[in-house]
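Each remark here refers to the structure printed beneath this line.
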Amino acid sequence: MPQRRVRPKLPEVSEAQRKSRLAWNQGLTGTSRPAVERPAFEPCPADDCGAPVVGRRPPTAGMVQVRGAADGAAAHWYCPVRCAAIARTRAELRAIPLRPGGENR
């Protein structure tokens with residue numbers, strides 16, 4: 001892979017350059033704080049989140065039913081905000097047909 005050329009950083013030689021840099025950074029100088037270490041995935045605190053659908057009523061009040069993909073996956077109950085959005089997205093991704101010669105699992 002070809003390497004990108006990086007322009008050398010030119011020194012600030014005028015007061016106007018320094019003022020414009022400070023205006024751009026809103027007066028901040030120095031190094032930034034390190035990023036906060038957070039896990040990429042946090043488990044859901046709801047007890048019955050992800051339970052398969054059995055009957056018409058959710059195991060816990062407020063749960064949302066998310067249908068599986070068109071490939072015959074079963075529907076499940078999820079908490080209404082984050083987990084339901086993740087489940088809907090996963091179902092939509094599973095419903096995308098693979099191109100010929102694509103990976104099959």
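The values are calculated or read from the model by the stated rules, or taken from the named source; none is laboratory data. These figures come from a predicted structure and were not determined experimentally. Positions of Cβ are generated from backbone atoms using ideal geometry, with glycine treated the same way; all protein chains shown enter the neighbour counts.
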Scanning the stretch 81-93 for residues that are under 16 Å from PRO45 (Cα atoms) and modelled with pLDDT under 90 gives VAL81, ARG82
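A quick yes/no check of all residues on (1) among the hydroxyl-bearing types (Ser, Thr, Tyr); (2) loosely packed, with under 12 Cβ neighbours inside 10 Å; (3) touching a strand residue (DSSP E or B) at 6+ places or on another chain (Cβ under 6 Å):
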position: VAL13; (1), (2), (3): no, yes, no
position: TRP24; (1), (2), (3): no, yes, no
position: PRO52; (1), (2), (3): no, yes, yes
position: GLY68; (1), (2), (3): no, no, no
position: CYS83; (1), (2), (3): no, no, no
position: ARG88; (1), (2), (3): no, no, yes
position: GLU92; (1), (2), (3): no, yes, no
position: PRO100; (1), (2), (3): no, yes, no
All-but-one check, PHE41 against (1) within 30 Å of PRO97 (Cα to Cα); (2) surrounded by 10 or more Cβ atoms within 10 Å (Cβ to Cβ), failing number (2)
Per the list (1) part of a loop (DSSP other than H, G, I, E, B); (2) modelled with pLDDT of 85 or more, residue check on PHE41 breaks on (2)
